[in-house]
Amino acid sequence: MKIIKVLAQNFGCNSYVVTADNKNAVVVDCAEERLFDICAERGLKPCAVLLTHCHFDHVGGCGKFFKEGVPIYCGEHEEELIFSDENKNIFGGVYIPDFKIHKTLKDGESITLAGITFKVLHTPGHTAGGVCYIAEDSIFSGDTLFRMSIGRSDLPTGDYKTLIQSVKKLFALDGNYKVYCGHEGETELDYERKNNPYIN
């Protein structure tokens, strides 16, 4: 499995293009429309978009993918939040593209896309319906867990205590994982178990 990290040009959000065969790909958190062209430049066909949560900096490119017929997935408790007025009005008003969710995903559910199996973990706290995705030895943590930090919980539907429980849910997983975060650099689960100041 190959993971290509793409940093958004206008804000510090990470998107990830994930491929198992160098032909087909899944995009995790589609920050910008240019991700579609980045896939094409690399000879990759986007087969799906997986969203960790509803915020504009993670969904800004979804309109392009939706128009091109690429199915978009999110957690079962997040779909209604994506298009809510409360979400659109954060930071005084943000742009949420016009797209539809193909299917919502439940906690513990596994889905195979582009030959890669992703397991869904409901990890609320940053938003009420946020999820993380596990694929092989990697976790795509969205804005739940960062290197030496955690997501903010002061935006609509966020809750600090719930977020802490979600991070502990990740820590309770067996084994070590590489963690691909929604912002800044990558980390590892063992490192965060030992060093993350919000949990230890």
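The values are calculated or read from the model by the stated rules, or taken from the named source; none is laboratory data. Note that the structure is predicted; figures quoted are calculated from it, not measured. Cβ atoms come from the backbone with ideal geometry, glycine included; neighbour counts cover every protein chain shown. These accessible areas exclude ligands, DNA and RNA; they are computed on the full protein's heavy atoms, side chains included. Shrake-Rupley method; radii C 1.70, N 1.55, O 1.52, S 1.80 Å.
Points to keep in mind about this one:
- The listed residue being open to solvent by less than 10 Å² (accessible area, probe 1.4 Å), of a type in the set (A, V, I, L, M) and within 20 Å of PHE56 (Cβ to Cβ), out of LEU170, LEU163: LEU163
- A single entry from PHE99, PHE83, PHE91 fulfils the requirement of being open to solvent by 50 Å² or more (accessible area, probe 1.4 Å), closer than 22 Å to ASN10 by Cβ, touching a helix residue (DSSP H, G or I) at 6+ places or on another chain (Cβ under 9 Å) and of a type in the set (Phe, Trp, Tyr): PHE91.
- Flag for ASP57 being over 22 Å from THR117 (Cβ atoms), open to solvent by 60 Å² or more (accessible area, probe 1.4 Å), acidic (Asp, Glu) and at pLDDT below 95: no
- Where ALA25 falls short, out of the listed (1) buried (at least 22 other Cβ atoms within 10 Å of the Cβ); (2) among the small types (Gly, Ala, Ser); (3) free of Cβ contacts under 8 Å to residues at least 24 places away in the same chain: (3)
- Leading residue by the ranking (most open to solvent (accessible area, probe 1.4 Å)) among those in region 29-49 that are under 13 Å from VAL70 (Cα atoms), touching a helix residue (DSSP H, G or I) at 6+ places or on another chain (Cβ under 7 Å) and not in a strand (DSSP E or B): GLU33
- Residue within region 10-18 that is in contact with a Pro (Cβ under 9 Å, 6 or more places away or on another chain) and either among the charged types (D, E, K, R) or open to solvent by less than 10 Å² (accessible area, probe 1.4 Å) (or both) present: yes
- Subset tally (residues that are assigned to a loop (DSSP other than H, G, I, E, B) and in contact with a Phe, Trp or Tyr (Cβ under 7 Å, 6 or more places away or on another chain)) for region 3-28: 0
- The single condition among (1) without any contact (Cβ under 8 Å) to a residue 60 or more places away in the chain; (2) farther than 22 Å from THR162 by Cα; (3) touching a strand residue (DSSP E or B) at 6+ places or on another chain (Cβ under 6 Å) that VAL120 does not meet is (2).
- Entry remark, region 114-133: residues being open to solvent by less than 20 Å² (accessible area, probe 1.4 Å) and aliphatic (A, V, I, L, M) number 4 in total.
- Condition met for GLY69 (free of Cβ contacts under 8 Å to residues at least 60 places away in the same chain and open to solvent by less than 80 Å² (accessible area, probe 1.4 Å)): yes
- For region 64-116, taking the residues that are hydroxyl-bearing (Ser, Thr, Tyr) and more than 13 Å from VAL131 (Cβ to Cβ), the one that is modelled with the highest pLDDT is identified as THR112.
- Close Cβ contacts (under 6 Å, 6 or more residues apart or on different chains) running from residues in region 87-113 that are of a type in the set (Val, Ile, Thr) to residues that are open to solvent by 70 Å² or more (accessible area, probe 1.4 Å) and assigned to a helix (DSSP H, G or I) comprise ILE96/LYS88; ILE101/GLU79; THR104/GLU79.
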